[in-house]
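Undergrad: Supplied in structure tokens, the structure appears directly below.
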Amino acid sequence: MHASLKRWFVTVLHRRAGKTTAWLNHHVRAATNDAWETQRLRALEPRFTETEVRELCRERIYAHVLPSLTQARTVAWDKLKYITRDIPDTKKNESTLSIRFPGPKGSNRLVQLFGADNIDALRGFPLSGLSLDEYSQHPPGIFGEVLSKSLADHLGYGAFLGTIKGKNQLYQAYEASKDDPEWFTLWQDVKVSLATEEGATITAIRRAMQDDLDLIAKGLMTEEEYDQEWFLSPHAAIKGAYYSKQLALAYTEGRIRRVPWDQALPVFDVWDLGKGPKMPVGMFQRVGRSVQMIDYHEGQESDGIADVIAELKKKPYIWGKHFAPHDIKATEIATGKTRLETADKLGWHFEVVPDIGLDDGINAARLMFGRLWVDEGTCAQFVEAIGQYRREWLESRGTFGDKPVHDWSSHPADMLRYAAVSEEHMRVERHKAPPAKPPRQRFAGRSAQGARYGWMG
């Protein structure tokens, strides 16, 4: 991996394989080795002049991104300081989690840690290198929407890495790139490490594997989780995921598939407003006792409720009732009006979903899940979010907490709860089909670097 001069990397490795340390080492080498960076740039673009190469090498910033800034501080910061301990004249910044390296006058060589939960901090950064650690837990779209642009000016390299956690965006990244000659790909489960490693490394791996086997014996870990962590099984549920069993059963029963749109039935839209930048909207139909999710919309970070309504009005559906959570009645400081009032003026008359509490809402969603069909194309981003929605792991206690992790998956999961609570109010009346073609089935995700990789954006 370190010898490769390719621009794009996908590295899928088992637990305790040293993936974080490996990529931090890679960034440090790139920041401190002018000859290597020059060689990399010339391999990518042989037509570069000496002046162009020198200019690109002058400003070199390398970013290592974990799912959250807290993880960056607790998981990677001590590793980065240890790696750079013997490099003279480095400047460490505890507040920004960055290390600056010496260089010629006017140059800037920096390695910095970031969290995907505050990815706006990376907007406008001209990056020479980027690694997305535990990429399966990153919000979909952040690479295509934000980070790919940061790499463009410097022909920066990009790496997607982590331990596999289901058939999510990291798995998709590997599958999409494994036969592409422009990409470096590595898939290494523990069998490879046991056959090639030695000394302290192999001892630590064997000890950790035995610890996990002890947890299985005590019922604290499943065999599926063990296979996921060590043998990179893509079929195991994510540890602590709220809907792991329900989602696995839906796949087994073939309820995550192409779901046809019945033009004679109304479509019910269910929203989550939340406090996040995006407003997930699920679109459902009732067919007998089945609940069919035929479409999903998140929009852009800057979209307000009027923008989302405008997009929904473009769809050729016969709209039934519109459902939103109770906070739609909250007054917005900017307008002095509630979003309910704004929607009413636009002809979108919401029914307010009662707040029954988090636990009861999750139970309602689990019950509905057995009758839920989800379109694997239009709702791909929703499916991934539901698979990632999980309880918070309390490291200090070695157990799960009572609350979910609040990240990008929270808002789609909240929308699912509201749909479950609203299900009985989705009354079905058949209508004459409109003279319109069904909406084009589309997969979530576009990217400035390549639209064919849905996992990139």
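We did not get these values from a lab; they are worked out from the coordinates using the rules stated. Computed from a prediction, not measured in an experiment: that's the story for all the values here.
Undergrad: Can you list the aspartates and glutamates whose alpha carbon sits under 14 Å from that of Lys92, skipping same-chain ones fewer than 8 residues off?
TA: Here the aspartates and glutamates satisfying the reach criterion relative to Lys92 are Asp78.
Undergrad: Pull up all non-local amide H partners of Val287: gap of 5 or more, or a different chain, and H-to-H distance under 5 Å with H placed in the peptide plane.
TA: Gln292
Undergrad: I've got another one for you. ³J(HN,Hα) across the range 158-163 via Karplus (A = 6.51, B = -1.76, C = 1.60, θ = phi - 60°), whole Hz, x for Gly/Pro?
TA: x, 10, 10, 9, x, 8
Undergrad: For every helix of n ≥ 4 consecutive DSSP H residues, a contribution of -39,500 (n - 2.57) applies; sum these over the chain, divide by its total residues, and give [θ] at 222 nm rounded to the nearest 500 deg cm²/dmol. Please report the intermediate quantities before stating the final value.
TA: Details: 15 runs with 149 residues, N = 457.
Here the helix-only value at 222 nm equals -9500 deg cm²/dmol.
Undergrad: If the limit is 23 Å between Cα atoms, which of Lys19/Lys79; Lys278/Lys345; Lys321/Lys345; Lys329/Lys403; Lys167/Lys403; Lys178/Lys278 go over it?
TA: Working: Lys19/Lys79 12 Å; Lys278/Lys345 21 Å; Lys321/Lys345 16 Å; Lys329/Lys403 25 Å; Lys167/Lys403 25 Å; Lys178/Lys278 32 Å.
The answer is Lys329/Lys403; Lys167/Lys403; Lys178/Lys278.
Undergrad: Right, next: Return one number: the angle in degrees, 0 to 90 and rounded to the nearest 10, between the long axis of the Cα atoms of helix 19-32 and the longest principal axis of the Cα atoms of the chain.
TA: Tilt relative to the chain: about 50 degrees.
Undergrad: Right, something else. Reported to two decimal places, what Rg/Rh ratio describes the chain when computed on Cα atoms with Rh from the Kirkwood expression?
TA: Looking at the chain, the ratio lands at 1.00.
Undergrad: Express the Stokes-Einstein translational diffusion coefficient of the range 251-425 in µm² s⁻¹, to the nearest whole number, given a Kirkwood radius over alpha-carbon pairs, 25 °C and a viscosity of 0.890 mPa s. Don't skip to the answer; put the middle values down first.
TA: Numbers: Rh = 16.9 Å.
Rounded to a whole number, D works out at 146 µm²/s.
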